[in-house]
Amino acid sequence: MKALVLSSGGVDSTTCVGLAIQKYGKENVVTASLYYGQKHDKELKCARKIAEYYGVKHIEEDISNVMKYAKDVCTLVKGGDEIEHGSYAEQIAENGEGRVATYVPFRNGLLLSIAAAYADSIFPGEEVQIYYGAHSDDAAGNAYADCSEEFASAMDKAINIGTYGKIHVCRPLINMNKAKVVKTGLEINVPYELTWSCYEGGEMQCGTCGTCIDRKNAFEANGVKDPVPYANEQ
């Protein structure tokens, strides 16, 4: 069995890298990062460092042309509006449930499809698990529809059909909250000090965007100090 891990350089996907290597061995794991037009490349640099740390092959591609129209609907991509700061819970309370401004149009569907094409080409004829790090907090309030179990199951079925039963979508974190994700990673010594979660691209992670807040709370819930510095520690 082989594994291809979609690696964003953040906490969730890096936990998936650690889990895949633990299960299949680094010689059977490849990581892949895709630049889709996000406002900074900090996460891509971290994904490279994580691949180097684990000693696995790493693929990186630019697919930003696909998202060239996304700036009108997504604040994460270049040309988009300013990124909102505050927790996801606060955003949902203010704006109601449903799609948030940082939702990238069908990003996970696109990434999983590309990963399936990579896996089918790199490991011809072999069984492959595509790891992606969606977890239950991402799907809460339907903020990110492409992080739900329903979405993952549908993509798994489609990819499996399209690869003649060889490739599956593995989502080990899908029923975990962020705190449980961090707990899982700490147990297998995931190098969280190498990761980047922040939506902004400053010298340090901002500490006030939705993903920074979730990350800090997850480490606090485990009684552990987050190993990365923040511009705002509040």
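Worth pointing out:
- When residues of the stretch 186-225 are limited to those that are within 18 Å of the chain's Cα centre (by Cα) and charged (D, E, K, R), the one nearest to Ala47 (Cα to Cα): Glu193
- Among the residues making up the stretch 162-204, those that are among the aromatic types (Phe, Trp, Tyr) and touching a strand residue (DSSP E or B) at 6+ places or on another chain (Cβ under 8 Å) are Trp196, Tyr199.
- Restricting the stretch 61-88 to residues that are surrounded by 15 or more Cβ atoms within 10 Å (Cβ to Cβ) and not in a loop (DSSP other than H, G, I, E, B) leaves a set whose member that is modelled with the lowest pLDDT is Tyr88.
- Residues of the stretch 36-49 that are open to solvent by less than 40 Å² (accessible area, probe 1.4 Å) and on the phi < 0 side of the Ramachandran plot: Tyr36, Gln38, His40, Glu43, Leu44, Cys46, Ala47.
- Count of residues meeting criterion [among the small types (Gly, Ala, Ser), open to solvent by 60 Å² or more (accessible area, probe 1.4 Å) and under 23 Å from Gly37 (Cβ atoms)] in the stretch 194-226: 0
- Total residues in the stretch 126-149, condition open to solvent by 60 Å² or more (accessible area, probe 1.4 Å) and either within 13 Å of the chain's Cα centre (by Cα) or modelled with pLDDT of 90 or more (or both): 4
- Only one of the numbered conditions (1) open to solvent by 50 Å² or more (accessible area, probe 1.4 Å); (2) closer than 22 Å to Lys183 by Cα is violated by Thr15, and that is (1).
- Scanning the stretch 35-60 for residues that are modelled with pLDDT under 95 and among the acidic types (Asp, Glu), we see that the one that is nearest to Tyr192 (Cα to Cα) is Glu43.
- Val190 being at pLDDT 95 or above and more than 22 Å from Gly55 (Cα to Cα): no
- The residues of the stretch 96-125 that are over 24 Å from Lys23 (Cβ atoms), assigned to a loop (DSSP other than H, G, I, E, B) and open to solvent by 20 Å² or more (accessible area, probe 1.4 Å), listed by number, are Gly96, Glu97, Arg99, Ala101, Tyr103, Pro105, Phe106.
- Of the listed requirements (1) more than 25 Å from Glu61 (Cβ to Cβ); (2) within 15 Å of the chain's Cα centre (by Cα), Ile114 misses just one: (1).
- Checklist (1) open to solvent by 70 Å² or more (accessible area, probe 1.4 Å); (2) free of Cβ contacts under 8 Å to residues at least 24 places away in the same chain; (3) assigned to a loop (DSSP other than H, G, I, E, B) applied to Glu52, failing item: (3)
The values are calculated or read from the model by the stated rules, or taken from the named source; none is laboratory data. Not measured: the values here are computed from a predicted model. Glycine also receives a Cβ, built like all others from the backbone with ideal geometry; neighbour counts cover every protein chain displayed. Just the protein is used for accessible areas: all its heavy atoms, side chains included, with ligands, DNA and RNA removed. Shrake-Rupley method; radii C 1.70, N 1.55, O 1.52, S 1.80 Å.
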